[in-house]
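Quick one: the structure is below, and I'll ask about it shortly.
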Amino acid sequence: MAAAIIVAWIHYVSIMLMMASVLGEHLGLKQDLSAAEARVVQRLDIIYGVSAAVVLVTGIMRMYLEKGTTYYLQNGAFHALVGVFVVVALLSIYPTLAFLRWRADTRAGRGQALKPGQFKQLQMILRTEMALLLLAPLLATWMAHGALF
């Protein structure tokens, strides 16, 4: 019982951290970034990735520690929730690769001047990730209440 509570707490904190970091990336992203600003966006993306991995691991642990895999695997809301998580993960690949390409520049103390198209694309992906992540609590609540849809 105590293990399930601790795992659930870590799961929730990681979800909040994931949301906060993607919001921070969005707010910190500008067309012209100083080296310090670019580093902040890169660090936030690392936090985002680590927190997403913790959400995944603790989510799997909760399946086994709480109601059991049968409950979750027969639940349509669970499948929708996993689907949202997968789509968000796939969307996050492009920004992460872009931020990783900045490493040599930020280490050398150079900022980033994004082309208007790339800036708008990164901005739209981050916004889409945030919007999709807002569906997660609805789907999780629906799932917890036994919705099978």
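Restricting attention to the stretch 15-36, report how many residues are in contact with a Leu (Cβ under 9 Å, 6 or more places away or on another chain) and in a helix (DSSP H, G or I). Let's see the steps before the verdict.
So in the stretch 15-36, the residues in contact with a Leu (Cβ under 9 Å, 6 or more places away or on another chain) come out as 15, 18-26, 28-33.
Filter once more, keeping what is in a helix (DSSP H, G or I): 15, 18-26, 28.
Counting residues in the stretch 15-36 that are in contact with a Leu (Cβ under 9 Å, 6 or more places away or on another chain) and in a helix (DSSP H, G or I) gives 11.
May I ask you to list the residues in the stretch 28-42 that are surrounded by fewer than 14 Cβ atoms within 10 Å (Cβ to Cβ) and among the small types (Gly, Ala, Ser)?
Selection gives ALA36 alone.
Still on this structure: Spot the failing condition for VAL55; the list is (1) out of contact with any His (no Cβ under 9 Å at 6 or more places or on another chain); (2) part of a helix (DSSP H, G or I), and only one is missed.
The single condition VAL55 does not satisfy is (1).
Among the residues of the stretch 67-87, which ones are part of a loop (DSSP other than H, G, I, E, B) and in contact with a helix residue (DSSP H, G or I) (Cβ under 6 Å, 6 or more places away or on another chain)?
Going through the stretch 67-87, the residues part of a loop (DSSP other than H, G, I, E, B) turn out to be 67-68, 74-75.
Listed by number, the list holds a single entry, ASN75.
Can you tell which of PHE119, PHE149 is over 23 Å from VAL57 (Cβ atoms) and either among the charged types (D, E, K, R) or modelled with pLDDT under 95 (or both)? Walk me through how you get there before you give the answer.
Working: PHE119 fails: either among the charged types (D, E, K, R) or modelled with pLDDT under 95 (or both).
Matching residue, one of PHE119, PHE149: PHE149.
List every residue pair whose Cβ atoms sit under 6 Å apart, with the two residues 6 or more apart in sequence or on different chains, where the first one lies in the stretch 1-27 and is surrounded by fewer than 18 Cβ atoms within 10 Å (Cβ to Cβ) and the second, anywhere, is modelled with pLDDT under 95 and not in a helix (DSSP H, G or I).
ALA4/GLU66
The values are calculated or read from the model by the stated rules, or taken from the named source; none is laboratory data. From a predicted model like this one, the values you see are computed outputs, not experimental measurements. So basically every Cβ, Gly included, is an ideal-geometry build from the backbone, and we count neighbours across all protein chains shown.
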